[in-house]
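The values are calculated or read from the model by the stated rules, or taken from the named source; none is laboratory data. Because the structure is predicted, anything quoted here is derived from the model rather than measured. A quick note on method: Cβ atoms are made from the backbone with ideal geometry, for glycine too, and the neighbour counts reach across all protein chains shown. Each accessible area value is taken on the protein alone, full model and side chains, heavy atoms only, with ligands, DNA and RNA left out. Shrake-Rupley method; radii C 1.70, N 1.55, O 1.52, S 1.80 Å.
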Amino acid sequence: IFRMVMEQEVEGVITLSFHKNDCDKIAGLLKRPVVSIDGCGCRGNVPNIGLDDWQGGKLMTEYLLACGYGPVYVCAGRDHGVDHVRYLGCQAGKKERGKKDGKEEGKADSGQVRFVSLGMDRKKRRETLEALVQPVKANIKAGLRPALFCLSDLYALEALGYFTSQGLRIARDLGIAGFDDIPYASLLSPGLTTVRQDMKRKAALAVEMLADMVEGRNTAGEGREILLPVKLVVRETTSRLK
């Protein structure tokens, strides 16, 4: 990628999900404006358009626990980048819900939040989901309501298809939630409970900022961090305990 941007006659670059150190390196090599979308890592010199990922994790975890779900399995490819930030939000949501519950006796087991590394390819994710069947069914047998909070809608839809094939009643036996609110989340049946982000707004802001920098209208963008808000969207893959 470094070689490619050096070889092309570009006026600017938008990076997607790069480490901020690499964004700084591209900007230094290219000597042209660079804007990051969903950059991860420590603060860099390149402006970044991101998401309040921490708040998204917190919102969904609090909601799932309030619905009576638990344990909550937080599922992502790996504990890295924005997924790590989302998981930190999940942990904060668990603590916040614990305060509201007053740490009642018996809440500890059902309110656990556990990270599950699904893997970075479809074969590994399928193997991980297969391995989750036994603990999920054990939870249900013990009178608990487990939930999967997948930090990507695509992972959630994979889980939805797989656990449905295993005879589990989605929402009633097992809650499933995602993150992003891609179009398929509302088109499929049952509809997927998820955390909505405004992806079009994120892209538009990045293009506007880059154009301003290229044309010299904005040189104050360096190091700027914009975190867009998120929204909880409840659909049929989750339900409150009756």
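One table, with the values for the structure above:
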| quantity | calculated |
| --- | --- |
| Scan of the stretch 35-54 for residues that are closer than 14 Å to D22 by Cβ and crowded, with 18+ Cβ neighbours inside 10 Å, ordered by number | V35, S36, I37, D38, G39, C40, G44, V46, N48 |
| Leading residue by the ranking (nearest to N21 (Cα to Cα)) among those in the stretch 64-81 that are in contact with a strand residue (DSSP E or B) (Cβ under 6 Å, 6 or more places away or on another chain) and assigned to a helix (DSSP H, G or I) | G81 |
| Whichever residue in the stretch 36-46 is of a type outside the set (S, T, Y) and within 21 Å of the chain's Cα centre (by Cα) and, among such residues, is nearest to K200 (Cα to Cα) | I37 |
| Conditions (1) in contact (Cβ under 8 Å) with a residue 12 or more places away in the chain; (2) surrounded by fewer than 18 Cβ atoms within 10 Å (Cβ to Cβ): number failed by K99 | (1) |
| The stretch 138-150 - residue that is free of Cβ contacts under 8 Å to residues at least 12 places away in the same chain and in a helix (DSSP H, G or I) and, of those, nearest to W54 (Cα to Cα) | A138 |
| Which listed residue is of a type in the set (G, A, S), in contact with a helix residue (DSSP H, G or I) (Cβ under 9 Å, 6 or more places away or on another chain) and in contact (Cβ under 8 Å) with a residue 40 or more places away in the chain, from G12, G39 | G12 |
| Subset of the stretch 1-34 [touching a Ser or Thr at 6+ places or on another chain (Cβ under 7 Å) and open to solvent by 40 Å² or more (accessible area, probe 1.4 Å)] | F18 |
| Filter result for A142 (among the small types (G, A, S), open to solvent by 30 Å² or more (accessible area, probe 1.4 Å) and touching a helix residue (DSSP H, G or I) at 6+ places or on another chain (Cβ under 9 Å)) | yes |
| Those residues of the stretch 163-196 which are open to solvent by less than 20 Å² (accessible area, probe 1.4 Å) and either in contact (Cβ under 8 Å) with a residue 40 or more places away in the chain or among the hydroxyl-bearing types (S, T, Y) (or both), in sequence order | A171, G175, I176, A177, F179, A185, G191, L192, T193, T194, V195 |
| Pairs with Cβ under 8 Å, 6+ apart, first in the stretch 224-235 and farther than 10 Å from Q55 by Cβ, second open to solvent by 50 Å² or more (accessible area, probe 1.4 Å) and part of a loop (DSSP other than H, G, I, E, B) | E225/R43; L228/D52; L228/D198 |
| The one condition in (1) within 30 Å of D212 (Cβ to Cβ); (2) modelled with pLDDT of 95 or more that M60 fails to fulfil | (1) |
| Residue match in the stretch 151-161 (condition: open to solvent by less than 80 Å² (accessible area, probe 1.4 Å), assigned to a helix (DSSP H, G or I), farther than 18 Å from L59 by Cα and hydroxyl-bearing (S, T, Y)) | yes |
| Some residue of the stretch 55-68 being surrounded by fewer than 22 Cβ atoms within 10 Å (Cβ to Cβ) and farther than 16 Å from I176 by Cα | yes |
